[in-house]
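Colleague: Input: one structure, supplied below.
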Amino acid sequence: MAKLIGNKKINCAVFISGRGTNLKSLIKYSKEKKSPIKIILIISNNKNAKGLKQSKIFNIDKGIFNFKNKIKDEKKILNLLKRKKIKLVCLAGFMKILSKNFIKIFSYPILNIHPSLLPKYKGLDVHKRVIINRERYTGCTVHIVSNKLDSGKIILQKKIKIYKKDNPISLEKRLLKHENKIYPMAVKKVCSNL
Ligand code: GRF
């Protein structure tokens, strides 16, 4: 595993598919003086992802791979990560599932943020499902990516209350603020163990 020596920051890549609020909060965190990371690459499977604007704003390299040929695209991404000496990958709303092979070959941590209190509510449409099931609480989780979907070691979680008046949209909006807060905190925690 990589060692954080002196002031040297860890090169980090963030993978997105859409809006990019978590990407934005990670970039903001990376600009703090004491932050252990430097975001030097943004990967997207969607050329129209709103989050890609951050690449221009902050002058961060981007790579777009549509995953139509997953094996080939993963190989290209792995080469890119190697070339750029990336030692941490953060998935932030990345809607493709990385293969076992990718996770094995990239031997550094891959983090993901999921909008539920894992291990509950893996997969998609979480906010809709928690409301249908009349849950009283929900939350968000940053975890290590493993071979099983939304199942790796949990790094950090935030639990929030669901109100009677909540609908999937209001819940998503409220939870997103917490996601944006805990992702950098989880990165800090992971980097302190590198
Ligand atoms: C977040 O809700 C995250 O938990 C999920 O996808 C969404 C991405 O949002 N994995 P954003 O693109 O970071 O705004």
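Colleague: Take peptides 84-94, 134-144 and line them up by average Cβ neighbours within 10 Å, highest first, as a rough protection proxy.
Modeller: Working: 84-94: 21.7, 134-144: 18.5.
Ranked from most to least packed, the peptides come out as 84-94, 134-144.
Colleague: Follow-up. Considering only Cα-Cα distances, which of the following residue pairs are longer than 18 Å: Lys38/Lys177; Lys100/Lys159; Lys24/Lys82; Lys72/Lys100?
Modeller: Values: Lys38/Lys177 22 Å; Lys100/Lys159 30 Å; Lys24/Lys82 24 Å; Lys72/Lys100 14 Å.
Too far apart for the 18 Å limit: Lys38/Lys177; Lys100/Lys159; Lys24/Lys82.
Colleague: Further question on the same structure: Which percentage, to the nearest 5, of the DSSP beta bridges contained in the chain is antiparallel? Don't skip to the answer; put the middle values down first.
Modeller: On the way: 11 of 29 bridges.
That works out to approximately 40 percent antiparallel.
Colleague: Now for a different question. Report, in deg cm²/dmol and to the nearest 500, the calculated mean residue ellipticity at 222 nm for the chain, where each DSSP H run with n ≥ 4 adds -39500 (n - 2.57) and the sum is divided by the residue count.
Modeller: When only DSSP H runs of four or more count, the value is -10500 deg cm²/dmol.
Colleague: Neighbour counts of other C-beta atoms within 10 Å: give me Ser35, Ser44 arranged from fewest to most. Let's see the in-between values first.
Modeller: Working: Ser35 19, Ser44 26.
Sorted ascending by nearby Cβ count, the order is Ser35, Ser44.
Colleague: For the chain, what percent of Cα pairs sit more than 25 Å apart? Please report the intermediate quantities before stating the final value.
Modeller: Values: 6357 of 18721 pairs.
That tail contains 34 percent of the Cα-Cα pairs.
Colleague: Ok, one more. Working from Cα positions, state the angle (0 to 90°, nearest 10) between the long axis of helix 168-192 and the longest principal axis of the chain.
Modeller: Orientation of helix 168-192: about 40 degrees from the principal axis.
Colleague: Lys and Arg at +1, Asp and Glu at -1: add these up for the other residues within a Cβ distance under 13 Å of Lys164 and post the number. Please report the intermediate quantities before stating the final value.
Modeller: Numbers: positive: Arg134, Arg136, Lys161, Lys165; negative: Glu135, Asp166.
Neighbour charge sum, excluding Lys164 itself: +2.
Colleague: If you don't mind, there's one more thing I want to ask. Amide H neighbours of Lys62 under 5 Å, counting only residues 5+ apart in sequence or on other chains, H built in-plane at 1.01 Å?
Modeller: Amide H neighbours of Lys62: Ile42.
Colleague: Could you list which residues have their amide H under 5 Å from that of Phe15, counting only those 5 or more apart in sequence or on another chain, with H placed in the peptide plane?
Modeller: Ile43, Cys90, Leu91, Ala92
Colleague: Quote the FRET efficiency, to the nearest 0.05, computed for Ile105 versus Asp61 with a Förster distance R0 of 30 Å and r equal to the Cβ-Cβ distance.
Modeller: 0.90
Colleague: Also, I was wondering about something else. Tell me the net charge near Leu98. Cut-off is 13 Å between Cβ atoms, Leu98 excluded, with +1 for each Lys or Arg and -1 for each Asp or Glu. Working shown, then result.
Modeller: Working: positive: Lys70, Lys75, Lys96, Lys100, Lys104, Lys148; negative: Asp73, Glu74, Asp150.
Residues close to Leu98 contribute a combined charge of +3.
A short reminder: the numbers here are calculations on the coordinates, not readings from a lab. From a predicted model like this one, the values you see are computed outputs, not experimental measurements. Ideal geometry is used to build each Cβ from the backbone, glycine not excepted, and the neighbour counts take in all protein chains shown.
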